[in-house]
1. For the chain, what relative contact order do you get, as a whole percent, if you take Cα pairs closer than 8 Å and at least 6 residues apart?
2. Could you calculate the contour length gain from residue 138 to residue 115, that is, 0.36 nm times the residue separation minus the distance between their Cα atoms, to one decimal place in nm?
3. Give the angle, between 0 and 90 degrees and rounded to the nearest 10, that separates the Cα long axis of helix 424-438 from the longest principal axis of the Cα atoms of the chain.
4. If the limit is 26 Å between Cα atoms, which of 103/371; 53/371; 466/496 go over it?
5. Enumerate by residue number the chymotrypsin sites (Phe, Trp or Tyr not before Pro) in segment 271-328 meeting two conditions: DSSP loop (anything except H, G, I, E, B), and at most 15 other Cβ atoms within 10 Å of the site's Cβ.
6. What is the packing order of peptides 343-350, 111-118, 162-169, taking the mean over residues of other C-beta atoms within 10 Å and listing the highest first?
7. Would you mind getting me the FRET efficiency between residue 411 and residue 490? Use the beta-carbon distance for r and R0 = 60 Å, nearest 0.05.
8. State the dimensionless ratio Rg/Rh of segment 299-421 (Rg: radius of gyration of Cα atoms; Rh: Kirkwood radius).
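Bear in mind these aren't lab numbers, they're just calculated from the coordinates by the rules spelled out. Because the structure is a prediction, the values reported are computed rather than measured. Positions of Cβ are backbone-derived with ideal geometry, glycine not excepted, and every protein chain shown enters the neighbour counts.
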Amino acid sequence: MSAENVRSAFTDAKEHAPEPPRPLIRAMPDAQPFPVETLGTILSDAAMGIQGKIQAPVAMCAQSVLAVATLATQAHADVELPTGHARPLSNFFVTVGATGERKSAVDSEANWPTRTRERTLREQYDRGHPGYVNDQEAWDRARQAAIKRGKGCRNAIKAALDELGPPPAAPLIPMLTCDEPTIEGLARMLAGGQPSVGVFSAEGGQFIGGHGMADDNKLRTIAGLSQMWDGSPIRRVRVGDGATILPGRRLAMHLMAQPDVATVMLSDRVLEDQGMLSRLLVTYPMSTAGMRLWKEAPEQADAAIRRYGARLLTIYEAPLPLMQGKTNELQPRILPLSQTARRDWTKFVDCIERQIGPDGDLAPVRGLANKLPEHAARIAAVLQLVDNIEATEVSGHHMGAGIVIAQHYLSEALRLFSASRINSDLMSAARLLTWLQTKWHGDAISLPDVYQLGPNHVRDQGTARKLVTILEGHGWLIPIPGGALIGNQRRKDAWKIVREG
């Protein structure tokens, strides 16, 4: 086909285009600002201080300090709901941000009190471990000697072993966080380590796409995480180890993930059906990329971060409420709601309930909405303990803050969970369209160009044809009758690309 014929074909294609291109995916509304001021002076100042230094989205900074505050406080109390049920303060956070949003830098700033506390625990472990090894060796030898002295007499051996007493307790593993554990590894960590830990990762895709979330392990991982969120004892039955029950443990979580990875998780029907999605508090702030021109961090930023770190270190260093005779089994005190907090909480319950019916505004996120009052109470209790670790109740002020923050997560769920229901083929077609608009500079394209030169997720003819058909159906590609010469190749099947704008 000559160049003149190609131009004529383009003209004919344009004349016969039935309508302008239609969006593949409805534009997602902008995120509502995170209500950072409701975090209280210590946390809100720290969040804004981190934002001033890193220039990452405010919501990412706020979510990060709230997650660390949860990790620090969850060992000390359970919040008592007006229903009479005591609930852990544990929260599972997910922050969505693209590459280059400075997730790692934010996590580093927010978690420095955690790292400082871990360093102290590690020093204690290093001092105590040699003595434990010697004590264990001495106990083993003494046990052997006691058995030998019994000369085969059961009663004598038992009496000698009773007198010897239990083996020495090993020093606790000095880890407060891990980034991509399996549920079995997490259980082992809680069996021999600190009773209150967190799964924290600035590269949440490693956990979401890791061994623990593979198809063969996903149900077990979800069930285990859900039990820990609920505060239920961890139950393990393993060949060789026998059965183990671990009560009095607490787990917080904060995963930062890229949009594609988060979409996989938020659209996972297994996670939804098992109730995991309703336990996640997700935020996806607008990007700050392109607006982070160099400027000196505000003078007050470092001071605010230091005050935050000092407060959380004080909480980390406070004696843990342990069961008598146990080294790592928590017995958190009960933290009831004040009368004002109780009144506001019950109003919030009724407000949510009116909207979760089949035709209600919250029907699309009914699972999260059902748990939202509990989320609000957990967050309120965390904020209360950050302000006063010795508090005896949750104030009305802190409950109000918890409700406002919970409503932010609700608005994000309505925005994100509905978007995650988009057909995966449409998502793939949208990625191909982005490539066509930004990377392919010709006016026309052929099928081999798509799967040989196109984006990585399109690498075979079948996938390419399916996605091209979708783009054609939405008006972004218009067939060229008779094909076209593209580059130096004559292509039988070719399409004119409709450019944006």
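1. On the way: 788 pairs, mean separation 114.0, N = 501.
23 percent.
2. On the way: separation 23, 0.36 × 23 = 8.28 nm, distance 3.43 nm.
Length difference between fully extended and current span is 4.9 nm.
3. It works out to around 60 degrees.
4. Details: 103/371 28 Å; 53/371 35 Å; 466/496 17 Å.
Beyond 26 Å between Cα atoms: 103/371; 53/371.
5. Numbers: sites: 294, 308, 316; in loops: 294.
Those satisfying the criteria are 294.
6. Details: 343-350: 16.4, 111-118: 19.5, 162-169: 10.9.
Put in order of decreasing packing, that is 111-118, 343-350, 162-169.
7. Using R0 = 60 Å, I get an efficiency of 0.65.
8. Numbers: Rg = 17.9 Å, Rh = 16.7 Å.
Taking Rg over the Kirkwood Rh, I get 1.07.
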